[in-house]
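Peer 1: Below you'll find the structure I mean.
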Amino acid sequence: MDETLLTVNNLRTEFQSGARTVHAVNGVSFILKKGEILGIVGESGCGKSATCRSVIQLLPSGGRITGGEILFKGIDLTEKGEKAMRDIRGREIAMIFQEPMNTLNPVTTIREQLTETMPGKLNREKKREEAARLLRMVGIPSPEERLRQYPHQFSGGMRQRAMIAIALASKPELLIADEPTTALDVTVQQQIIRLLLDLRGTLGMAMIFITHDLGAASELCDRIAVMYAGKIVEQAPADVLFRDPMHPYTRGLIQSVPNLEDRGKRLKSIPGHTPDLSAEIIGCPFEPRCPLASEQCRRAYPEVFHLTADHYYTCWNAGKPDGRDTV
Ligand SMILES: Nc1ncnc2c1ncn2[C@@H]1O[C@H](COP(=O)(O)OP(=O)(O)O)[C@@H](O)[C@H]1O
Ligand SMILES: [Mg+2]
């Protein structure tokens, strides 16, 4: 049986901003199986959101897909029109964002927003029951009362939960979560991550979880893709990635995750910053920041090296000592 839900092949997405063309997604490929949670991690500006917004074709103005294919259950979404995509977005693929206030409608009740995408054949009463059940499922107390309320009457964490409930109302097969815990405090973050894990367990939903927080990704994801400058630079099962990171960028990200013992100490972050994606980049875009950089890196983008069937990276010098491992 084919368990593949989503196949993204050599996706390219650009933003036109004045005279500049920003190459936000530069040939991204990945596969997502049914019920699987894929993490996409990387610093801000690496193209994580552009990748996921391309999948559901909700790009901000100026953004467009310029190449590749997005096969959802075998059907290429890049060939679908806006109306067909609206149907898919409403029912089969749902997305949640960092800031729920931008997604929730301030002038309609939580109940209306929950019942909007429910099947038309359900009557009003059934929809209300289902809406209450969803709120209960995401851990919102007194759901009957909450249904009558508006988003501004919810706290940050509760709003995030409400947004998840709304996303789940259509029973999507794929949930795309773009930094859903970034704006929340650590305790609420933990609760939301636990909730997403529970939901995968009970609903068998696949998920793409975008984050710049490697700690959160390690708790939630089965597999992790590390993005840099619009490309995936390393991909592996989550435990393998943390145990055996190969790309110097992945290593840098892992070293900048705070350990409990290190709280309060200065974090090691990767020196330098992400490249301008409107400029032409020859060679490896991480080269200026890379402790392993060599002449070859300045000349040519690295090939894809497979360590195992499900662990690959794109780096000419990966695995060579970088001087940081020995301190
Ligand atoms: N609406 C836009 N117009 C122009 N450039 C954009 C727009 N949105 C994103 N970009 C650029 O595309 C690149 C990738 O952005 P994004 O996908 O948002 O990164 P991430 O989600 O990893 O932080 C960045 O260089 C960003 O500046
Ligand atoms: Mg983003």
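Peer 1: How do the strands (runs of 3 or more DSSP E) wholly within the range 183-279 filter down when requiring 3 or more residues that are more than 30 Å from residue 67 (Cα to Cα) and out of contact with any His (no Cβ under 8 Å at 6 or more places or on another chain): which remain?
Peer 2: Filter on the range 183-279 gives an empty set.
Peer 1: Can you name every residue in the range 270-288 that is closer than 24 Å to residue 244 by Cβ and touching a helix residue (DSSP H, G or I) at 6+ places or on another chain (Cβ under 8 Å)?
Peer 2: Residues satisfying the conditions are 270, 271, 284, 286, 287.
Peer 1: A further question on this structure: Report every pair of residues separated by at least 6 positions or lying on different chains whose Cβ atoms are under 7 Å apart, first residue within the range 102-115 and within 12 Å of residue 149 (Cβ to Cβ), second at pLDDT 90 or above and of a type in the set (Asp, Glu).
Peer 2: Here the result reads none, with nothing in the range 102-115 linked to a residue that is at pLDDT 90 or above and of a type in the set (Asp, Glu).
Peer 1: If you don't mind, another one. Quick check on my filter: what residues within the range 160-182 are assigned to a helix (DSSP H, G or I) and either crowded, with 22+ Cβ neighbours inside 10 Å or within 16 Å of ligand 2 (Cβ to nearest atom) (or both)? Let's see the steps before the verdict.
Peer 2: Residues of the range 160-182 that are assigned to a helix (DSSP H, G or I), as a first pass: 160-168.
Those that are assigned to a helix (DSSP H, G or I) and either crowded, with 22+ Cβ neighbours inside 10 Å or within 16 Å of ligand 2 (Cβ to nearest atom) (or both): 160, 161, 162, 163, 164, 165, 166, 167.
Peer 1: Quick one: would you say residue 253 is within 16 Å of ligand 1 (Cβ to nearest atom), modelled with pLDDT under 95, crowded, with 19+ Cβ neighbours inside 10 Å and of a type in the set (A, V, I, L, M, F, W, C)?
Peer 2: yes
Peer 1: Restricting to the range 280-313, name every residue that is crowded, with 17+ Cβ neighbours inside 10 Å, not in a loop (DSSP other than H, G, I, E, B) and not hydroxyl-bearing (Ser, Thr, Tyr).
Peer 2: 287, 289, 297, 311
Peer 1: Which ones in the range 197-238 are within 29 Å of residue 171 (Cβ to Cβ) and among the small types (Gly, Ala, Ser)?
Peer 2: Within the range 197-238, 201, 204, 206, 216, 217, 218, 225, 238 qualify.
Peer 1: Only helices (runs of 4 or more DSSP H) wholly contained in the range 44-142 count here; list those with 3 or more residues that are within 16 Å of ligand 1 (Cβ to nearest atom).
Peer 2: The helices (runs of 4 or more DSSP H) meeting that bar are 48-56.
Peer 1: If you go through the range 28-39 one residue at a time, do you hit one that is in a helix (DSSP H, G or I) and either more than 17 Å from residue 205 (Cβ to Cβ) or touching a Cys at 6+ places or on another chain (Cβ under 6 Å) (or both)?
Peer 2: Within the range 28-39 (the criterion being in a helix (DSSP H, G or I) and either more than 17 Å from residue 205 (Cβ to Cβ) or touching a Cys at 6+ places or on another chain (Cβ under 6 Å) (or both)), the answer is no, since none of the residues qualifies.
Peer 1: Continuing with this model, one more query. What residue, of 202, 211, is of a type in the set (S, T, N, Q) and under 25 Å from residue 53 (Cα atoms)?
Peer 2: Values: 202 fails: under 25 Å from residue 53 (Cα atoms).
Every option except 211 fails the conditions.
Peer 1: Are any residues in the range 92-105 over 22 Å from residue 141 (Cβ atoms), more than 16 Å from ligand 2 (Cβ to nearest atom) and surrounded by fewer than 17 Cβ atoms within 10 Å (Cβ to Cβ), and if so, which ones?
Peer 2: Those that are over 22 Å from residue 141 (Cβ atoms), more than 16 Å from ligand 2 (Cβ to nearest atom) and surrounded by fewer than 17 Cβ atoms within 10 Å (Cβ to Cβ): 92, 105.
Matching residues to (1) in the same structural domain as residue 133 (by TED's automatic domain parsing); (2) in contact with a Leu (Cβ under 8 Å, 6 or more places away or on another chain); (3) modelled with pLDDT of 90 or more; (4) within 16 Å of ligand 1 (Cβ to nearest atom):
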| site | (1), (2), (3), (4) |
| --- | --- |
| 189 | no, no, no, no |
| 192 | no, yes, no, no |
| 211 | no, no, yes, yes |
| 217 | no, no, yes, yes |
| 230 | no, yes, yes, yes |
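Peer 1: Sort out which residues of the range 148-159 are surrounded by fewer than 20 Cβ atoms within 10 Å (Cβ to Cβ) and either of a type outside the set (Gly, Ala, Ser) or touching an Asp or Glu at 6+ places or on another chain (Cβ under 7 Å) (or both), and write them in order of number.
Peer 2: Answer for the range 148-159, where residues must be surrounded by fewer than 20 Cβ atoms within 10 Å (Cβ to Cβ) and either of a type outside the set (Gly, Ala, Ser) or touching an Asp or Glu at 6+ places or on another chain (Cβ under 7 Å) (or both): 148, 149, 150, 152, 153.
The values are calculated or read from the model by the stated rules, or taken from the named source; none is laboratory data. A quick note: this is a predicted structure, and the numbers were derived from the prediction, not measured. A quick note on method: Cβ atoms are made from the backbone with ideal geometry, for glycine too, and the neighbour counts reach across all protein chains shown.
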